[in-house]
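K.L.:
Once you've had a glance at the structure underneath, I'll fire off some questions.
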Amino acid sequence: MSTVLHVVEVIGVFVFASSGLVEARRKKMDLVGVFTVAFITAFGGGTVRDILLDRRPLFWIENYEYPTLVFIFCILVSPFFRQLRLVVTERVILYADALGLGLFSVGGASLAYGMKMPLFVCVMMGVITGIFGGVLRDIICNEIPMVFRRGQLYATCAFLGCWAYLGLTLLGNTELLAVVCGIAVTVLLRLMAVRYDWKLPG
């Protein structure tokens, strides 16, 4: 795995783990529940991607320090969650989720592209990596998954961001530039979708 992809993956894990932790605490779960939801949110999308690509070991087993750090993160943060709620507003959560979507989507597409998958498959692997952890999080927390509600664009942003990454890669740009631009497209589209209430036709 390239250094750029590894950094993207690490940041994405912690961003989505934070999202899962916040949702679990909102549901008044104990520490076991908090870690479980954070773990599934952080690793669910990448696990489904690796299974579909027949990639072994799974990325969080290959990088076993990831779940260990998420566990420590949950233990350290949970006791201070009430204080953090004063700082972590809905807007902060929105930005974090958009960033996680961009990081994991482009990271997933990059990994599939490195395995010589067809371009459309690369994009779908990116979208699955970006959204499936949140789908599992919402199901466990007894919510209709956000991506399945008729709300602002979500999976579509990941889809377009992955194409932006692949387009720049095919044009011969450096991996760093392609990854950064792909993430930026995903994040900006998501934030604009929320700001201007962009939705797909019903």
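K.L.:
Quote to one decimal, in nm, the extra length available between I11 and R55 on full extension: 0.36 nm per residue of separation minus the C-alpha distance between them.
P.N.:
Gain on stretching I11 to R55: 13.7 nm.
K.L.:
Tell me the trypsin sites (Lys or Arg not before Pro) within segment 28-130 that lie in a loop according to DSSP and have at most 11 other beta-carbon atoms within 10 Å.
P.N.:
The qualifying sites are K28, K116.
K.L.:
Let me ask you something else. Rounded to two decimal places and with Rh computed the Kirkwood way over Cα pairs, what is Rg over Rh for segment 18-161?
P.N.:
Expressed as Rg/Rh, it is 0.98.
K.L.:
Show me the helices of the chain, taken as full DSSP H stretches, that run 30 Å or more along their long axis by Cα and average 0.5 or above in Kyte-Doolittle hydropathy.
P.N.:
For the chain, where a helix must reach 30 Å along its axis and average at least 0.5, the hits are 3-26, 31-52, 90-114, 119-140, 175-196.
K.L.:
For the chain, which whole-number percentage of the solvent-accessible area (1.4 Å probe, protein heavy atoms only) is attributable to carbon and sulfur atoms?
P.N.:
Reported share for carbon and sulfur atoms: 69 percent.
K.L.:
Need one number: convex hull volume per residue for segment 101-165, Cα atoms only, in Å³.
P.N.:
For segment 101-165, the hull spanned by Cα atoms encloses 72 Å³ per residue.
K.L.:
Would you mind working out the magnitude of the charge dipole of the chain relative to its Cα centre, with +1 at each Lys and Arg C-beta and -1 at each Asp and Glu C-beta, to the nearest 20 Debye?
P.N.:
The dipole magnitude comes to about 540 debye.
K.L.:
Rounded to the nearest whole Å², what accessible area per residue is found for the chain with the 1.4 Å probe?
P.N.:
Spelled out: the 1.4 Å probe surface of the chain, per residue, equals 51 Å².
K.L.:
Run the numbers on the chain and let me know its relative contact order in percent, using alpha-carbon pairs under 8 Å that are six or more apart.
P.N.:
Reported relative contact order: 23 percent.
K.L.:
In segment 171-202, which trypsin sites (Lys or Arg not before Pro) are in a loop and have at most 14 other Cβ atoms within 10 Å, using DSSP for the loop call?
P.N.:
Answer in residue order: K199.
K.L.:
Quick one: compute the contact order of segment 1-48, relative version, from alpha carbon pairs under 8 angstrom and 6+ residues apart, as a percent.
P.N.:
41
K.L.:
Hey, got the dipole for segment 26-143? About the Cα centre, +1 on K and R Cβ, -1 on D and E Cβ, debye to the nearest 20?
P.N.:
Approximately 200 debye in magnitude.
K.L.:
Per DSSP H run of n ≥ 4, the term is -39500 (n - 2.57); total these for the chain, divide by its residue number, and report the mean residue ellipticity at 222 nm rounded to 500 deg cm²/dmol.
P.N.:
-25000 deg cm²/dmol
The values are calculated or read from the model by the stated rules, or taken from the named source; none is laboratory data. This one's a predicted model, so the numbers in the text were calculated from it and none came from an experiment. Neighbour counts run over all protein chains shown; Cβ positions are idealised from the backbone, glycine included. These area figures cover heavy atoms from the full protein model, side chains too; ligands, DNA and RNA do not enter into them. Shrake-Rupley method; radii C 1.70, N 1.55, O 1.52, S 1.80 Å.
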